[in-house]
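The values are calculated or read from the model by the stated rules, or taken from the named source; none is laboratory data. Bear in mind that the values here come from a model prediction, so they are computed numbers and not experimental data. Neighbour counts are summed over all protein chains in view; Cβ atoms, including those assigned to glycine, are modelled from backbone coordinates with ideal geometry. The area values use the complete protein model at the heavy-atom level, side chains included, leaving out ligands, DNA and RNA. Shrake-Rupley method; radii C 1.70, N 1.55, O 1.52, S 1.80 Å.
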Amino acid sequence: MRKRQSNHIICFILTFLLLSINVQVFAGTLVHVSKVRINKTTDTLTVGQTDIIKATFTPTNATNRAVKWTSSNSSIAKVDIWGKVTSLKVGTSTITGVTADKSLRVACKLTVKPKPVIRVNKVIIIKTTDTLTVGKTDIIKATFTPTNATNRAVKWTSSNNSIAKVDVWGKVTSLKVGTSTITGVTVDKSLRIACKITVKSIVNIHNLNLLFYLNDANNFQSITYFNQYLYCGFDIGDGKGEISKYSMTGKKISHTYPIAVGHSADLGYRVKTNNIYMANGGGNSKTHVYVINYNSSKILNNLNYESLGTSALLAIDNIHDYLILHTVLDGSDLGNPRFTIINLANMQVVKTFTEPNQGVPQGLESDGNHIYLYTNNKITTFDYNGIKIDTQYIYEKGESEGITMVLDNNVHHFIIGYVATNRIYEYK
């Protein structure tokens, strides 16, 4: 019994000793911070720069060396959990650190200064002259010396905004034929640069070539084009018209029967339906547009636009599927023409505008972006907002009759007609 009691006493003593040793060991691993300092108490940065505030602890083996960083003005400078400071704008801010152990405080007063200004010494542009066709754009790019100049802004202006306009980025848009000087002035030092812009016609019509004479003695009035064929409209009298189909080499393929369409003033080919639209025209005739099936010589529809007046011409915009009408409300052929753009999908009017008289109307055409009005020996170009862009003069004998447009190698050129004698020309 005594032996068993002594064993118990020995076990108790050993357990007590082990517990005492463990308490002393664990108690010895917790080393408190007694002092903290930082590598700088003041700092100066320029806007956008960064720096790190580093804390040093005493003793160096302190158990908990965490610091909570804050900024007195985070709009001027911000600080992350690692003490990395980022300057944001000019001013002062105090970066404060508080230790997790004992809440000891450290602080750094930060001054943020503006970036140094690097002045522009020189500015140049790649081109001092430029040539654009109507409706095209280009960008004038300024190059600065030194390349890291602080303020590289340029104020752009055009000497003639009706010919070419320029935006704040130096993007030039040509509007109509003529010349305009685009000038740039640097915000820093007001240095000047300039580019002379020459705006040319959309369609090259400098070369007039006779294609062929028409094998028709009737009163030639109008022309349209589709799929390598020309369709020519004739006024054959008694309020009737006729359409003849020609190859591009002048071979007459076929013709319609007489159709009750009036003066046969203008033709347009609508690709979507493979029908020909014909305007009756005439200075005294109220406007009607006839939808014709060429193969059957039948009128499929009679569109009544008498409220728009007389002197009807038309064009078909096959890109947007629009019908474009030229009419005169007062004054017959000598009155101011009104242009009406109609969406053929729903027959709703898209746009209307009125222009000053350009001469006796002889034909109308569209390329999907512009409207071309053919009067005697003259083609006037308008955009779809009614802005007059260009005027081209043609010097040929006889009366102008009919205009259409052909796309050749992605370049548009005109096909135009003349009477006395009946003949077809192309401009390339």
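At-a-glance table
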| read-out | value |
| --- | --- |
| Single match in Ile193, Ile197 (criterion: more than 19 Å from Gly135 (Cβ to Cβ), modelled with pLDDT of 95 or more, open to solvent by less than 40 Å² (accessible area, probe 1.4 Å) and β-branched (Val, Ile, Thr)) | Ile193 |
| Residue list for the stretch 226-245, filter: in contact with a Phe, Trp or Tyr (Cβ under 7 Å, 6 or more places away or on another chain) and either in contact (Cβ under 8 Å) with a residue 40 or more places away in the chain or under 21 Å from Asp333 (Cβ atoms) (or both) | Phe226, Leu230, Tyr231, Cys232, Phe234, Gly241, Ile243, Lys245 |
| Condition broken by Gly268, with the remaining ones in (1) over 42 Å from the mean Cα position of the chain (by Cα); (2) surrounded by 14 or more Cβ atoms within 10 Å (Cβ to Cβ) satisfied | (1) |
| Qualifying residues in the stretch 174-190 (those that are among the hydrophobic types (A, V, I, L, M, F, W, C) and either in contact with a Lys or Arg (Cβ under 7 Å, 6 or more places away or on another chain) or assigned to a loop (DSSP other than H, G, I, E, B) (or both)) - the one surrounded by the most Cβ atoms within 10 Å (Cβ to Cβ) | Leu175 |
| Matching residues in the stretch 207-227 - criterion: being surrounded by fewer than 16 Cβ atoms within 10 Å (Cβ to Cβ) and within 16 Å of Ile276 (Cβ to Cβ) | Asn227 |
| The stretch 133-155: number of residues that are in a strand (DSSP E or B) and either farther than 25 Å from Asn369 by Cβ or of a type in the set (Asp, Glu) (or both) | 7 |
| Odd one out for Gly402, checked against (1) of a type outside the set (Ser, Thr, Tyr); (2) in a loop (DSSP other than H, G, I, E, B); (3) at positive phi | (2) |
| Cβ-Cβ under 9 Å pairs, at least 6 apart or on other chains, the stretch 342-362 side at positive phi and touching a residue at least 12 places away in the same chain (Cβ under 8 Å), far side assigned to a loop (DSSP other than H, G, I, E, B) and open to solvent by less than 50 Å² (accessible area, probe 1.4 Å) | Gly359/Asn377 |
| Pairs with Cβ under 8 Å, 6+ apart, first in the stretch 168-184 and under 14 Å from Lys127 (Cβ atoms), second buried (at least 17 other Cβ atoms within 10 Å of the Cβ) and of a type in the set (Lys, Arg) | Val172/Lys165 |
| Residue check, Ile299 touching a residue at least 40 places away in the same chain (Cβ under 8 Å), open to solvent by less than 50 Å² (accessible area, probe 1.4 Å) and at negative phi | no |
| Lone qualifier among Tyr384, Tyr393, Tyr418 - being aromatic (Phe, Trp, Tyr), open to solvent by less than 30 Å² (accessible area, probe 1.4 Å) and either in contact with a strand residue (DSSP E or B) (Cβ under 7 Å, 6 or more places away or on another chain) or within 24 Å of Phe226 (Cα to Cα) (or both) | Tyr418 |
| Given (1) of a type in the set (A, V, I, L, M, F, W, C); (2) modelled with pLDDT of 95 or more; (3) under 17 Å from Trp69 (Cα atoms), number of the condition Ile124 does not satisfy | (3) |
| Lone qualifier among Asp333, Asp317, Asp367 - being open to solvent by less than 10 Å² (accessible area, probe 1.4 Å) and charged (D, E, K, R) | Asp317 |
| Number of positions in the stretch 228-263 that are among the hydroxyl-bearing types (Ser, Thr, Tyr), surrounded by fewer than 22 Cβ atoms within 10 Å (Cβ to Cβ) and closer than 26 Å to Asp367 by Cβ | 4 |
| Some residue of the stretch 154-165 being surrounded by fewer than 20 Cβ atoms within 10 Å (Cβ to Cβ), within 30 Å of Ile243 (Cα to Cα), among the hydroxyl-bearing types (Ser, Thr, Tyr) and touching a residue at least 12 places away in the same chain (Cβ under 8 Å) | no |
| Selection from the stretch 230-281 of residues that are β-branched (Val, Ile, Thr) and closer than 23 Å to Ser400 by Cβ | Ile236, Ile243, Thr249, Val261, Ile276 |
| Which numbered condition Lys127 misses (of (1) touching a residue at least 24 places away in the same chain (Cβ under 8 Å); (2) under 29 Å from His413 (Cα atoms)) | (2) |
| Residue tally, condition open to solvent by less than 60 Å² (accessible area, probe 1.4 Å) and within 19 Å of Asp390 (Cβ to Cβ), over the stretch 344-360 | 5 |
| Failed item in (1) surrounded by fewer than 14 Cβ atoms within 10 Å (Cβ to Cβ); (2) assigned to a loop (DSSP other than H, G, I, E, B); (3) in contact with a Ser or Thr (Cβ under 8 Å, 6 or more places away or on another chain), with Trp169 passing the rest | (3) |
